[in-house]
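What follows draws every value from the coordinates through simple rules; no lab data is involved. Computed from a predicted structure; not experimentally measured. We place every Cβ from the backbone using ideal geometry, glycine too, and count neighbours over all the protein chains shown.
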Amino acid sequence: MTQISPQPGIMDITLYQGGAANVPGLENVVKLSSNENPLGPCDAAAEAFRRASYSLHRYPSSDHAPLRRAIGEVLDLDPDRIICGAGSDEIIAFLCQAYAGPDTEVVHTEHGFGMYRINALAAGATPVEVKERERVTDVDALLAACTEKTRLVFMANPNNPTGTMIGTAEVARLAAGLPQGALLVLDGAYAEYVEGYDGGAALVDSRDNVVMTRTFSKIHGLGGLRIGWGYGPKHVIDVLNRVRGPFNVSQAALNAAEAAIRDTAYLAHCRVENARWRGWMADALAEIGVPSDVSCTNFVLARFASAQEASDCNDHLTAQGLLVRPVGSYKLPQCLRITVGDEASCRRVVHVIRQFKEGPADDTNL
């Protein structure tokens with residue numbers, strides 16, 4: 001009997017686990033596990049999505065021209081160098097499909113997004129994990145890991161799940177030091193949470209070996225529509241479009257994303273609200289003995305004394321209907337990643353963690 005086997009590398013993939021969304025037996029849980037915008041999308045995006053329901057029988061645009069043009073106008077980018085995908089995840093997959101393969105290497109940071117490794121293995125390439133320095137990207141370590149086999153270097157800035165980021169000068173030094181034939185991929189899923197930060201767009205414009213990916217899933221509140229985009233040198237975008245399916249993004253997602261990118265006032269409002277409650281939550285957790293690094297994202301990486309304490313705290317939160325993200329799979333077993341929710345959610349999660357830290361009430365004197 002003929003044995004049917006997948007390509008080498010496929011069976012080495014550990015399935016990606018998203019943030020938990022429900023608790024058996026509990027209703028009205030508070031989901032703080034997937035870094036979603038608690039304010040949701042802007043009104044214009046929601047209305048654009050509703051209008052799209054009248055043309056569900058039509059195929060979507062295959063060139064995504066209106067959305068690419070809108071992104072270009074708002075962010076001062078060349079629309080011809082923009083590609084759209086089903087979330088930025090798909091752009092990452094395109095890059096691995098097009099540039100990685102057997103006998104090549106894909107470099108990524110120690111605590112980086114799990115899809116870097118998954119897509120490298122799916123393409124038959126060898127993922128190379130590089131240590132960080134106290135949960136911060138180490139440019140020297142990344143450069144030292146590069147060889148003549150390196151084709152892609154993935155780095156999220158700000159990073160998930162650490163929340164930390166490095167400066168533009170360090171990113172530029174990384175791009176300048178890569179071997180010939182290697183691309184630096186700057187994952188900017190959380191770029192909008194940093195006021196004045198372009199996600200690496202200027203570096204893309206100044207070099208031919210840098211690609212930037214972005215998403216509408218985070219600050220724009222469109223995670224349910226699966227839409228993202230990438231910006232890169234013309235020669236890279238031309239290659240990626242050759243492997244992209246012609247109808248990879250729905251028309252509803254395209255319309256909603258176009259409305260979202262144009263509503264800059266709503267984006268600024270979401271950034272301000274996130275910064276307010278992110279700072280409050282980080283300070284409140286630190287006061288009860290749960291420190292975190294300065295976060296540049298919409299989550300806080302809470303650090304506990306041990307992996308066991310983090311696990312016990314997660315169990316306590318879950319029992320109270322509060323879902324956060326354990327990050328043992330990211331080699332951070334002593335941490336819990338907590339999305340910045342609305343005011344009520346932030347106050348409640350801190351209150352429950354305080355209860356956990358203080359332990360059961362002492363009734364001996366009653």
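Pairs of Cα atoms nearer than 8 Å and 6+ residues apart set the relative contact order; for the chain it is 23 percent.
What is the sum of charges around residue 31, taking Lys and Arg as +1, Asp and Glu as -1, for the other residues whose C-beta is under 13 Å from the C-beta of residue 31?
Within the 13 Å Cβ shell, the charges total 0.
Taking 0.36 nm per residue of sequence separation and removing the Cα-Cα distance, the residue 80/residue 55 pair yields an extension gain of 6.4 nm.
Taken along the Cα-to-beta-carbon direction at a fixed 7 Å, the label points for residue 16 and residue 140 span 3.3 nm. One decimal place: the segment residue 133-residue 173 gains 12.7 nm when fully extended, by the rule 0.36 nm per residue minus the C-alpha distance. Axis of helix 234-243 versus longest Cα principal axis of the chain: the two differ by about 80°, to the nearest ten degrees.
Placing a pseudo-label 7 Å from each Cα along the Cα-to-Cβ vector at residue 287 and residue 264 gives an inter-label distance of 3.7 nm.
Report the net charge of residues surrounding residue 19, where surrounding means a beta-carbon distance below 14 angstrom and charges are Lys +1, Arg +1, Asp -1, Glu -1. Walk me through the numbers on the way to the answer.
Working: positive: 31, 218, 325, 337; negative: 36.
In short, +3.
For segment 1-88, a simple Cβ point-charge model (Lys and Arg +1, Asp and Glu -1, everything else neutral) yields a dipole of about 260 debye relative to the Cα centre. Toward the positive end of the charge dipole of segment 122-260, with +1 on the Cβ of Lys and Arg and -1 on the Cβ of Asp and Glu, the farthest Cα among 260, 159, 171 is that of 260.
Taking the average, over residues, of other Cβ atoms within 10 Å as the packing measure, peptides 175-183, 78-86 rank 78-86, 175-183 from highest down. Available extension along the chain between residue 241 and residue 65 is 62.1 nm, counting 0.36 nm per residue and deducting the alpha carbon span. When the charge dipole of the chain is built from unit charges on Cβ atoms (+1 for Lys and Arg, -1 for Asp and Glu) and taken about the Cα centre, the candidate among 345, 333, 9 whose Cα reaches farthest toward its positive end is 9.
Rounded to the nearest 20 debye, the dipole size of segment 223-264 about its Cα centre is 160 debye, using +1 on the Cβ of Lys and Arg and -1 on the Cβ of Asp and Glu. For residue 149, the shell of other residues with beta-carbons less than 10 Å away shows a net charge of -2, using +1 for Lys and Arg and -1 for Asp and Glu. With contacts taken as Cα pairs under 8 Å and at least 6 residues apart, segment 90-226 reaches a relative contact order of 20 percent. Each peptide in 185-194, 318-327 gets a packing score, the mean of other Cβ atoms within 10 Å over its residues, and the list from highest to lowest is 185-194, 318-327. For the chain, the number of Lys pairs with C-alpha atoms closer than 30 Å, counting only pairs eight or more positions apart or on separate chains, is 11. Have a look at 97, 308, 334 and tell me which one the Gaussian network model of the chain (Cα, springs below 10 Å) gives the largest fluctuation. With Cα springs under 10 Å in the chain, the top fluctuation among 97, 308, 334 is at 308.
Per residue, the convex hull spanned by the Cα atoms of segment 43-262 amounts to 110 cubic angstrom. Calculated translational diffusion coefficient of segment 30-138 (25 °C, 0.890 mPa s; Stokes-Einstein with Kirkwood radius over alpha-carbon pairs) equals 141 µm²/s. Placing dummy labels 7 Å off each Cα toward the beta-carbon, the span from residue 43 to residue 195 is 2.4 nm.
For segment 153-247, the orientation-averaged shadow of the C-alpha convex hull comes to 6.9 nm² (one quarter of the hull surface). With Cα atoms as the point set, the radius of gyration and Dmax of segment 246-366 evaluate to 18.2, 72 Å. Placing +1 on the Cβ of every Lys and Arg and -1 on the Cβ of every Asp and Glu, with nothing else charged, gives the chain a dipole about its Cα centre of roughly 680 debye.
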